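Visitor: Before we start, here is the structure in question, set down as structure tokens.
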Amino acid sequence: MTDKQAPLFDPAFREKFDALVQWRRDVRRFRTDPVDPAHVDQLVAQACLSPSVGNCQPWRFVLVEDPAMRAAVRDNFKRSNAEALSAYAEGRAALYARLKLAGLDDAPVQLAVFADPETPYGHGLGRRSMPEMLEYSVVGAVQTLWLAARTRGLGVGWVSILDPKPMNAALDAPKPWRLIAYLCIGYPMEEHTDPELERAGWQDRVDPAAFLFRR
């Protein structure tokens, strides 16, 4: 059986892809409009097309709909955010306190993404030297989901200000799973090509040339 003919990604497609990457933003301000559940299923299906080490497919998606579970995540964020604020000196702390850092109150869809270190798939291929590749594979799936969401007009916010330790119990996830991302998904209130943290004066975008090293 032969594969279908590979598509031609012409200059017009590349231009649209460039726009997609530019308009993919970390969204914190969501409208409360509901998201079609079919969209969520499609996003997860597309994320599962991402590459994974040894084809082990270690991603595990938990759609968090229970109000009590969402409240537990919100409390976790509030505690973690207070700890983060206390670590900054006066000037930077004042700026930090003004930042909008999560969309937990308004995002209609909340999705926890875990890595399963006991995945039965892949037979351990590619993980002996770099076991962290399993988690990197899940990060790649998150990025795929992020871009796929943007094509549907949806925004995604990655909530990293969380203590991962209690998250398994809070979300009734198996103990061996490791939290990689907690995602807020919904329709953005605003559209920007520049990061919100840049607009807020937290950190400017750096020229990509600063990150390229030639040897």
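Visitor: Looking only at region 137-158, which residues are among the β-branched types (Val, Ile, Thr) and either at pLDDT below 95 or part of a helix (DSSP H, G or I) (or both)?
Guide: Across region 137-158, the qualifying residues are VAL138, VAL139, VAL142, THR144, THR151.
Visitor: What pairs come up if the first residue lies in region 19-35 and is in contact (Cβ under 8 Å) with a residue 40 or more places away in the chain, the second is assigned to a helix (DSSP H, G or I) and of a type in the set (Lys, Arg), and their beta carbons are under 7 Å apart, counting only those six or more places apart or on different chains?
Guide: That search, which allows pairs on different chains as well, returns LEU20/ARG150; TRP23/ARG150; ARG24/ARG150.
Visitor: Restricted to region 7-37, and to residues that are closer than 16 Å to THR193 by Cβ and in contact with a Gly (Cβ under 8 Å, 6 or more places away or on another chain), which residue is surrounded by the fewest Cβ atoms within 10 Å (Cβ to Cβ)?
Guide: Filtering first and then ranking leaves ARG29.
Visitor: Still on this structure, I have one more. Restricting region 164-190 to residues that are exposed (fewer than 14 other Cβ atoms within 10 Å of the Cβ) and touching a residue at least 60 places away in the same chain (Cβ under 8 Å), which is farthest from TYR96 (Cα to Cα)?
Guide: Applying the filter and picking the extreme gives PRO176.
Visitor: From the set of residues in region 66-100 that are in contact (Cβ under 8 Å) with a residue 40 or more places away in the chain and either in contact with a Pro (Cβ under 6 Å, 6 or more places away or on another chain) or part of a loop (DSSP other than H, G, I, E, B) (or both), which is surrounded by the most Cβ atoms within 10 Å (Cβ to Cβ)?
Guide: LEU99
Conditions (1) among the hydroxyl-bearing types (Ser, Thr, Tyr); (2) out of contact with any strand residue (DSSP E or B) (no Cβ under 8 Å at 6 or more places or on another chain), marked per residue:
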{"site": "THR119", "(1), (2)": "yes, yes"}
{"site": "GLY122", "(1), (2)": "no, yes"}
{"site": "LYS165", "(1), (2)": "no, yes"}
{"site": "TRP177", "(1), (2)": "no, no"}
{"site": "ILE180", "(1), (2)": "no, no"}
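Visitor: Looking at (1) part of a loop (DSSP other than H, G, I, E, B); (2) modelled with pLDDT of 95 or more; (3) in contact with a Leu (Cβ under 9 Å, 6 or more places away or on another chain), which is the only condition GLY54 fails?
Guide: Evaluating GLY54 over (1) part of a loop (DSSP other than H, G, I, E, B); (2) modelled with pLDDT of 95 or more; (3) in contact with a Leu (Cβ under 9 Å, 6 or more places away or on another chain) leaves (1) as the failure.
Visitor: A further question follows. Say whether the condition of being within 25 Å of PRO37 (Cβ to Cβ), out of contact with any Gly (no Cβ under 8 Å at 6 or more places or on another chain) and modelled with pLDDT of 95 or more is met by at least one residue in region 91-111.
Guide: For region 91-111, residues within 25 Å of PRO37 (Cβ to Cβ), out of contact with any Gly (no Cβ under 8 Å at 6 or more places or on another chain) and modelled with pLDDT of 95 or more: present.
Visitor: Further question: Take GLN143 and decide whether it is buried (at least 21 other Cβ atoms within 10 Å of the Cβ) and either more than 29 Å from TRP202 (Cα to Cα) or not β-branched (Val, Ile, Thr) (or both).
Guide: When the stated conditions are applied, GLN143 does not pass them.
Visitor: Still on this structure, I have one more. With LEU134, LEU111 as the choices, which residue is surrounded by 14 or more Cβ atoms within 10 Å (Cβ to Cβ), in a helix (DSSP H, G or I) and touching a strand residue (DSSP E or B) at 6+ places or on another chain (Cβ under 9 Å)?
Guide: Only one candidate passes the filter, namely LEU134.
Visitor: I've got another one for you. Pick from THR144, THR193, THR151, THR119: which is closer than 30 Å to GLY91 by Cβ, in contact (Cβ under 8 Å) with a residue 60 or more places away in the chain and hydroxyl-bearing (Ser, Thr, Tyr)?
Guide: THR193
Visitor: Is it the case, given these coordinates, that ARG127 is in a loop (DSSP other than H, G, I, E, B) and touching a residue at least 24 places away in the same chain (Cβ under 8 Å)?
Guide: Answer is yes for this residue.
Visitor: Scan region 173-212 residue by residue and report those that are in a helix (DSSP H, G or I), more than 30 Å from GLU132 (Cβ to Cβ) and within 20 Å of the chain's Cα centre (by Cα).
Guide: First pass over region 173-212, keeping only residues in a helix (DSSP H, G or I): 196-199, 208-211.
With more than 30 Å from GLU132 (Cβ to Cβ) added as a condition, the list becomes 199.
Residues satisfying the conditions do not exist here.
The values are calculated or read from the model by the stated rules, or taken from the named source; none is laboratory data. Note that this is a predicted model, so its numbers are computed, not measured. With ideal geometry, Cβ positions are generated from the backbone for all residues, glycine too; neighbour counts draw on all protein chains shown.
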